[in-house]
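These notes concern the structure reproduced below.
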Amino acid sequence: MDGNEIKISLHERITEVPAPVWDACACPEEAICGRPEDPFTTHRFLKALEDSRSVGTGTGWHPHYMTAEVAGEVIACAPLYLKSHSQGEYIFDHNWAHAYERAGGRYYPKFQVAVPFTPVTGRRFLTRPGFEEAGRAALVQGVTEVAERNGISSLHLTFCTEAECEAGSALGLLPRRTQQYHWHNRGYADFDAFLADLSSRKRKTIRKERARAQEFGGEIVALTGDAIRPEHWDAVWTFYQDTGARKWGTPYLTRAFFEEAHAHLRDDILLVLALRDGRPVAGAMNMIGARALYGRYWGCIEDHPCLHFELCYYQAMEFAIDHGLDRVEAGAQGEHKLARGYLPVPTHSLHWLRDAGFAEAVARYLEAERAAVNEDIEILTGYGPFRKPQMEDHQ
């Protein structure tokens, strides 16, 4: 092989790519600062999904991890899945699927470059430092060629970074814009300093909510690393099942995932639990990145006023302030987050459709959708809780 030739390979198990090799592309910063920017694309997280059978046979998420090599060295990789449905993605393409199939096409299976069940922005083209341009180009060319060769209808890279969206657009992929709510730490010394940025009415409301939450009759604890005990996962699983059953029917993660999380991901996790007489009655699970805290799952076995806001939002803010994190990403959906300091921000995805006519129609739709999303973000930001000078700074 010529030394400059790039070799593309697909792997059905993450263990076919050694952890140091994968993480050299996914999170090279971890060796310097001790934490990955994105804990969800680490080898250990993807392996936990696979080993727990949260992905794989019977789930509709079949792994095909992609790597790009030059002279025997992996310069780029991507978490690629063959999908037989559009569940667990949070960037919705159900209407595309229905339209394509009504026209006589076959939309599934499709390719998805993503972290399953995880609406969190992060790099999807995982490249070693210095190989960003070559690595991205090789992965895009590789996955679209595989799709063409095998009659795969489409490719979707969801919750990619803005920089990747721009680069992918230049490589011929269709950009899509959606939005989430994130809280940004403006160098606050403590939670009161954040409250000082708010209008008087919103400040009073949040203080009342926090006081009301404390009336559940117990204590709230924040646990990470070895402070998380095996029995805590029994409670988390119960909470997860309860919320999943109410929101989308069947939870995506298996019970075994939480065992894998305890064994291999404890240092990446923050659990915020409401305990009464030592028994968890509600809780929130977060993942910790180098610069952000990512809210993931919440649940309860008892309903208490404002406890959801306290565990999911205010405790997360305090952790971010105490640990110097830039922001809290509280997951998909939820305009109720706006009043609590979480402002709308754009999220990005990239799409490739094998059928040229269908791709043209989708491109027109995406252009109109982007304009609507931009307008929504501008309007919603204006409804944020910040005092006017601070709101102008946020905008």
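The values are calculated or read from the model by the stated rules, or taken from the named source; none is laboratory data. Since the structure is predicted, the reported quantities are computational estimates derived from the model, not experimental observations. Quick reminder, even Gly has a Cβ in these numbers, built from the backbone with ideal geometry, and neighbours come from all protein chains shown. Note: accessible area is taken over every heavy atom of the protein model, side chains too, but ligands, DNA and RNA are not part of it. Shrake-Rupley method; radii C 1.70, N 1.55, O 1.52, S 1.80 Å.
From the Cα gyration tensor of the range 75-169, with a ≥ b ≥ c the square roots of its eigenvalues, which class applies: rounded if a/c is under 1.5, or else prolate if a/b is larger than b/c, or else oblate?
On the way: a/c = 2.29, a/b = 1.57, b/c = 1.46.
Verdict is prolate for the range 75-169.
I'd like the Karplus ³J(HN,Hα) series for the range 305-322: coefficients 6.51, -1.76, 1.60, θ = phi - 60°, whole numbers in Hz, and an x wherever there's a Gly or Pro.
x, 6, 5, 4, 4, 5, 6, 7, 10, 6, 5, 5, 4, 4, 5, 4, 4, 5
What ranking, highest mean first, results for peptides 258-265, 26-33, 110-117 when packing means the other Cβ atoms within 10 Å averaged over each residue? Let's see the in-between values first.
Details: 258-265: 18.2, 26-33: 16.1, 110-117: 24.4.
Averaged packing, sorted descending, gives the order 110-117, 258-265, 26-33.
Ranked from highest to lowest mean number of other Cβ atoms within 10 Å per residue, what is the order of the peptides 162-168, 373-379?
162-168, 373-379
Could you tell me what percent of the accessible area of the range 218-301 is made up of carbon and sulfur, with a 1.4 Å probe and every protein chain present?
Roughly 46 percent of what the probe reaches on the range 218-301 is carbon or sulfur.
Take the Cα atoms of the chain, find their three principal axes, and give me the spread along each one in whole Å, biggest first.
65, 45, 42
Going by average Cβ density within 10 Å per residue, which order do the peptides 232-238, 382-388 take, highest to lowest?
Peptide ranking by packing, descending: 232-238, 382-388.
Would you mind getting me the FRET efficiency between A71 and D355? Use the beta-carbon distance for r and R0 = 56 Å, nearest 0.05.
That pair, A71 with D355, gives E of 0.95.
For the range 1-152, with all protein chains present and a 1.4 Å probe, just round the carbon and sulfur fraction of the accessible area to a whole percent.
50
Extending each Cα 7 Å along its Cβ direction at R149 and E215, get the distance between those two points in nm, one decimal.
6.5
What ratio of Cα Rg to 2.2 N^0.38 Å holds for the range 113-212?
1.62
With r as the distance between the Cβ atoms of D192 and H323 and R0 = 22 Å, compute the FRET efficiency 1/(1 + (r/R0)^6) and round to 0.05.
0.80
Can you work out the Karplus-derived ³J(HN,Hα) for every residue in the range 196-201? Use 6.51 cos²θ - 1.76 cosθ + 1.60 with θ = phi - 60°, whole Hz, and x for glycine or proline.
For the range 196-201, the Karplus-derived couplings read 5, 7, 8, 5, 4, 5 Hz, x marking Gly and Pro.
Give me a comma-separated list of calculated 3J(HN,Hα) values for the range 58-74, in order, Karplus coefficients 6.51, -1.76, 1.60 applied at θ = phi - 60°, integers in Hz, x for any Gly or Pro.
For the range 58-74, the Karplus-derived couplings read x, 9, x, 10, 9, x, 9, 3, 9, 10, 10, 10, 10, 6, x, 10, 6 Hz, x marking Gly and Pro.
Before anything else, pin down the relative contact order of the chain: Cα pairs under 8 Å, at least 6 apart, normalised by residue count, whole percent.
Relative contact order here is 20 percent.
For the pair E378/L338, report the inter-label distance in nm, with labels modelled 7 Å from Cα in the Cβ direction.
Going by the 7 Å Cα→Cβ label model, 1.5 nm.
If you take every residue apart from G60 with its C-beta less than 12 Å away from the C-beta of G60, what net charge results, scoring Lys and Arg +1 and Asp and Glu -1?
+1
Express in nm, to one decimal, how much length is gained between L10 and A263 on full extension, taking 0.36 nm for each residue of separation and deducting their alpha carbon distance.
Computed gain between L10 and A263 is 88.3 nm.
According to the square roots a ≥ b ≥ c of the eigenvalues of the Cα gyration tensor, what is the shape class of the range 292-388, taking rounded for a/c under 1.5, prolate for a/b larger than b/c otherwise, and oblate for the remainder?
Here the range 292-388 falls in the prolate category.
With the cut-off at 1.5 for a/c, could you classify the range 1-92 from its C-alpha gyration tensor as rounded, prolate or oblate?
Here the range 1-92 falls in the oblate category.
To the nearest 0.05, what FRET efficiency results for E162 and I32 with a Förster distance of 30 Å applied to their C-beta separation?
Step by step, r from the Cβ atoms, then E = 0.85.
What accessible area per residue comes out for the range 1-134, rounded to a whole number of Å², with a 1.4 Å probe?
Ligands and nucleic acids excluded, the figure is 42 Å² per residue.
Taking amide hydrogens as modeled 1.01 Å from N in the peptide plane, which residues meet the under 5 Å criterion relative to Q180, leaving out close sequence neighbours?
V345, T347
Using only alpha carbon pairs under 8 Å that are at least six residues apart, calculate the relative contact order of the range 257-357 and give it in whole percent.
Relative CO of the range 257-357 lands at 19 percent.
Give me, ordered by chain and number, the residues 5 or more places off L80 or on other chains with an amide H under 5 Å from its own placed amide H.
Under 5 Å from the amide H of L80: H64, Y65, M66.
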